Amino acid sequence: MNILNKFTIKSLKLNKKRTIVTIIGIMLSTALICGVAGLVSSFQNSLIDWARTNDGNYHVTFKNVESNKAQYVTENQKVKDYFLSSSLGWANLEGSKATNKPYLHVLAYDKKALENYGVVLTDGRLPQNPNEIIITESVLTGARVFLKIGDTITLNIGTRKSNDNYYLNDDALYTEDDESIVDTKEKTYTIVGFMQTLDVEKFYSPGYSALTYMDEPPSAIDISVLYKSPKEYEKTTKDICKTLNLDFDEDIYVNSDFLRFQGIMSDNMLYVLYTIAGVVIFIIVISSVFVIRNSFSISVAEKNRQYGMLSSVGATSKQIRKNVIFEGMVIGLIAIPLGILLGIVAIMILLKVVNYLLTDMLSGLGFTYSINLLAVLISVAISIITIYLSCLIPARKAAKISPIESIRGNNDIKINSKKLRTSKLTKKLFGIGGVIASKNLKRSKKKYRTTVISLVISIFIFISLSSFLTLGTKTSQFYYMDFKFNVYVHSLSDANTQIYEKISKLENVDNSAYCYQSSLDIDNIKYASEFGKKFLENDPQPTGIAFMVYNNEYFKKYIKEIGLKAIKEGKLAAVTMAGGQGTRLGHNGPKGTYDIGLDSHKPIFEILCDTLKTAEKKYGVFVVWYIMTSKENNADTVEFLEKNNYFGYDKNKVIIFKQ
């Protein structure tokens, strides 16, 4: 170790307080960078875990593969793992109250499929042999068939077929009295558990899912695969399809959420996430450079005399510059590992708190902390760059100082008597203290500029992050809206209002509403201009307008609620058309000044004003009152209101205008 480096280490030991403060600054900067990287990595991995749990741990599924050709998929060198499943068929669910969903859809999964296909048990256990079955809990709540664990259920499993002799696929809607189940085979199962609704079961599916154990693959099976290299999923899948003579669009199901969250398929959410993280890290780096740079500038200023002495005995500018950077790297050697550790611990604690607070919302799932080695290395690299940028200007400054200037110690202060003069206005506004402060700033402009820049950046960061958080809060409100209901009942069949009225009177139902959606087609050509008629000649499609119809009680309540909300937000105004005279009433003056014969003998204007004052007392907001007059009665109206002091209403909230 050369003498300059020894001198630097000794100086750091002697100035312990400044060294510790610098270490803390770098440590916090590194912790913030590592924290942001850790949050992004954890959020992405949490999304992957959610997709794996709910949708399954696979990338694509090959449908209806002949069993004797399964090896072309299972033994492919690019396939990491696979599992098998098959649709055994459909069976009538005896006692189902769901008129649009009268079936059970029986599926068979092998052991790995049961563990990896997004099967989430709510009670019981997974089936372990072909005589056991688990069913979706929607059978209890939707079909209202109250089965329990240990019950046996006998099903006649077959294929759906329409009355005009067409076989129906799994996604075909149920058509009552127009289809039946054919080629049935009777099978008795023991119910061993209940599960959440599977991802493959759509809301319009004609049957509830039921799973049994697959011991031997049938003649046609579905093969779900997990690739070694997900980035090549499309090419690999198309190659296998070519071998098996399958159609990529029809015979392949892609687990898109799983691939999107892994960053394989394009995803706007991940793009926004990475962009936000990049912006935040950039802000952290810029602010850290200015904070840490000040610390090194102080260090260089303290050692100016020593650098001058070393320079006078042969130390070159390059050696002095390297020495300042060496000081930064020595401090970084201590601060960066501590910062990484602090960042990891802080994010782990944050995620635990979030999981605790959002337990109900996350439905048993949660955020898991996960930061890969690449994220740590990126954090370290950014921290090193931050330290280097912080050292760069002080290092150049130290290298440029001549021995004589450094020994004098006046290189920071260059006085020009004319420039030190202050204006009389400064003295008048701030007194003698302001004059001294102004002269001091002019004596050392570099320090003055550094202070100003630091303040500007601090204000910029505060405003930026504040705006970012405000925008994020407002944006999240569009997604996480406050729905004013707990249960939503949807019916695809024709249901009369009596059913909804019956539901609304059930125990513990505090409030309810029902609605239906309808549409109206408008003949575009009939109402179009001449140009429009010519334009629409080749495509005379009508314009559809959809509208919702609510029950009368709820609609009245809703109208009242949005009116009160508008009042509270100051978005509502009152308008009075008062342009007429009261001559036909036998009154000589504007109609608003007429006494209509109440016991209080209040004129119309005062009665209206009392209503507005009641709203002001109730909601704490003045409703702006617009009064439209005419040329004939404008002056009389203004004079009347002025004379009565606007009946105690805020004059500034009353706007009178002529029609």
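Counting only DSSP beta bridges with both residues in the chain, what percent are antiparallel, rounded to the nearest 5?
Numbers: 49 of 71 bridges.
In the chain, approximately 70 percent of DSSP beta bridges are antiparallel ones.
Can you give the calculated 222 nm mean residue ellipticity of the chain, where each DSSP H run of n ≥ 4 adds -39,500 (n - 2.57) and the sum is split over every residue, rounded to the nearest 500 deg cm²/dmol?
Working: 20 runs with 318 residues, N = 659.
For the chain, the value works out to -16000 deg cm²/dmol.
For residue 573 and residue 636, what is the calculated FRET efficiency with R₀ set at 30 Å and r taken between the beta-carbons, to the nearest 0.05?
The pair residue 573/residue 636 has a calculated efficiency of 0.80.
Checking the cross-link filter: which lysines have an alpha carbon closer than 19 Å to that of residue 658, excluding same-chain neighbours under 8 positions apart?
Result set, ordered by chain and number: 591, 631.
Is the range 49-170 rounded, prolate or oblate when judged by the Cα gyration tensor, a ≥ b ≥ c being the square roots of its eigenvalues, rounded requiring a/c under 1.5 and prolate requiring a/b larger than b/c?
On the way: a/c = 2.08, a/b = 1.37, b/c = 1.53.
Since a/c reaches 1.5 but b/c is at least a/b, the shape of the range 49-170 is classed as oblate.
Rounded to the nearest 0.05, what FRET efficiency do residue 628 and residue 501 give with R0 = 51 Å and r taken as the Cβ-Cβ distance? Could you check?
It comes out at approximately 0.70.
Please give the length that would be gained between residue 204 and residue 508 if that part of the chain were fully extended, namely 0.36 nm times their separation in residues minus their C-alpha to C-alpha distance (nm, one decimal).
Details: separation 304, 0.36 × 304 = 109.44 nm, distance 2.87 nm.
Stretched out fully, the residue 204 to residue 508 stretch lengthens by 106.6 nm.
Placing +1 on the Cβ of each Lys and Arg and -1 on the Cβ of each Asp and Glu in the chain, which of 597, 72, 280 has its Cα farthest towards the positive end of the resulting dipole?
The listed residue farthest towards the positive side: 280.
Quick one: accessible area per residue over the chain, 1.4 Å probe, rounded to a whole number of Å²? All intermediate terms of the calculation are to be shown ahead of the outcome.
Working: 41300 Å² over 659 residues.
Computed with neighbouring chains in place, this is 63 Å² per residue.
Residues with amide H under 5 Å of residue 56's amide H, sequence separation 5 or more or different chain, H placed in the peptide plane at 1.01 Å from N; which?
Amide H neighbours of residue 56: 118.
Excluding residue 214 itself, what net charge comes from residues whose Cβ is under 9 Å from its Cβ, given Lys and Arg +1 and Asp and Glu -1?
Details: positive: 111; negative: 110, 215, 216.
Surrounding charge for residue 214 is -2.
Spelling out what I want: for every residue of the range 622-631, take phi, set θ = phi - 60°, compute 6.51 cos²θ - 1.76 cosθ + 1.60 (Karplus), and round to whole Hz; glycine and proline get x.
So the J values, rounded to whole Hz, are 7, 7, 5, 10, 9, 10, 8, 10, 10, 4.
If 59, 601 are ordered by their accessible area, calculated over protein heavy atoms with a 1.4 Å probe, which sequence runs from highest to lowest?
On the way: 59 5, 601 120 Å².
In descending accessible area the options line up as 601, 59.
Dipole magnitude of the chain about its Cα centre, charges +1 at Lys/Arg Cβ and -1 at Asp/Glu Cβ only, in debye to the nearest 20? Each step should come with its number before you reach the end.
Details: 78 positive and 63 negative charges, 1681 e Å.
With Lys and Arg at +1 and Asp and Glu at -1, about 8080 debye.
What order do you get for 224-236, 324-336 when each peptide is scored by the mean count of other beta carbon atoms within 10 Å, highest first?
Working: 224-236: 17.2, 324-336: 20.8.
Highest-to-lowest ranking by the protection proxy: 324-336, 224-236.
Can you work out the Karplus-derived ³J(HN,Hα) for every residue in the range 64-74? Use 6.51 cos²θ - 1.76 cosθ + 1.60 with θ = phi - 60°, whole Hz, and x for glycine or proline.
The phi angles translate into 6, 8, 5, 4, 6, 10, 4, 5, 5, 9, 5 Hz.
What distance in nm separates the simple spin-label points at residue 424 and residue 385, each placed 7 Å from Cα in the Cβ direction?
Placing both labels 7 Å beyond Cα along the Cβ direction yields 5.5 nm.
Hey, rough spin-label estimate for residue 619 and residue 215, points 7 angstrom out along Cα→Cβ, what's it come to in nanometres?
So the label points at residue 619 and residue 215 sit 7.1 nm apart.
Can you spot the lysines whose alpha carbon is less than 21 Å from residue 161's alpha carbon? Ignore those fewer than 8 places along the same chain.
63, 101, 185, 187, 202
Local charge sum around residue 545 (other residues, Cβ-Cβ under 14 Å, Lys/Arg +1, Asp/Glu -1)?
Overall, the nearby charge balance is -2.
Calculate the spin-label point distance for residue 2 paired with residue 558, positioning each point 7 Å from the Cα along the beta-carbon direction, and give it in nanometres.
7.9
Rounded to the nearest 0.05, what FRET efficiency do residue 521 and residue 175 give with R0 = 25 Å and r taken as the Cβ-Cβ distance? Could you check? Could you put the intermediate results ahead of the total?
Details: r = 25 Å, r/R0 = 0.99.
Here the calculated transfer efficiency is 0.50.
Residue 647: net charge of surrounding residues, Cβ under 13 Å, Lys/Arg +1, Asp/Glu -1, itself excluded? Intermediate results must be reported in sequence, preceding the final value.
Details: positive: 602, 613, 643, 651, 653; negative: 606, 610, 616, 642, 650.
Charge balance in the 13 Å sphere: 0.
What ranking, highest mean first, results for peptides 117-124, 567-574 when packing means the other Cβ atoms within 10 Å averaged over each residue? Mind dumping the intermediate values first?
Working: 117-124: 16.8, 567-574: 13.9.
Result, highest mean first: 117-124, 567-574.
Could you work out what % of the accessible surface of the range 46-141 is carbon and sulfur, using a 1.4 angstrom probe and leaving DNA, RNA and ligands out of the count? List each step's numbers first, then the result.
Working: 1800 of 4170 Å².
Reported share for carbon and sulfur atoms: 43 percent.
Check cross-link reach from residue 16 to the lysines: straight Cα distance under 24 Å, and skip same-chain residues fewer than eight apart.
Partners within reach: 6, 303, 322, 397, 447.
Within the range 140-170, find all residues whose amide N lies under 17 Å from a label point positioned 7 Å from the Cα of residue 129 along Cα-to-beta-carbon.
Of the residues in the range 140-170, 150-153 have backbone N under 17 Å from the label point off residue 129.
Cα gyration tensor of the chain, axes a ≥ b ≥ c as square roots of the eigenvalues: rounded (a/c below 1.5), prolate (a/b > b/c) or oblate? The partial results should precede the final answer.
Numbers: a/c = 2.81, a/b = 1.17, b/c = 2.40.
It comes out oblate by the Cα gyration axes.
Can you run phi through the Karplus equation (6.51, -1.76, 1.60; θ = phi - 60°) for the range 177-183 and list ³J(HN,Hα) in whole Hz, with x for Gly and Pro?
Using θ = phi - 60°, the values come out as 6, 10, 8, 8, 9, 10, 6 Hz.
Considering the options 244, 56, 5, tell which one lies farthest towards the positive end of the dipole of the chain, charges being +1 on Lys and Arg and -1 on Asp and Glu at the Cβ, about the Cα centre.
5
Is the shape of the range 504-590 best called rounded, prolate or oblate, per the rule: a/c under 1.5 gives rounded, else a/b larger than b/c gives prolate, else oblate, with a ≥ b ≥ c the square roots of the Cα gyration tensor eigenvalues?
Working: a/c = 3.04, a/b = 1.18, b/c = 2.57.
It comes out oblate by the Cα gyration axes.
The values are calculated or read from the model by the stated rules, or taken from the named source; none is laboratory data. Values in this document were obtained by computation on a predicted structure and should not be read as measured data. Glycine also receives a Cβ, built like all others from the backbone with ideal geometry; neighbour counts cover every protein chain displayed. Calculation scope for accessible area: heavy atoms of the full protein, side chains included, ligands and nucleic acids excluded. Shrake-Rupley method; radii C 1.70, N 1.55, O 1.52, S 1.80 Å.
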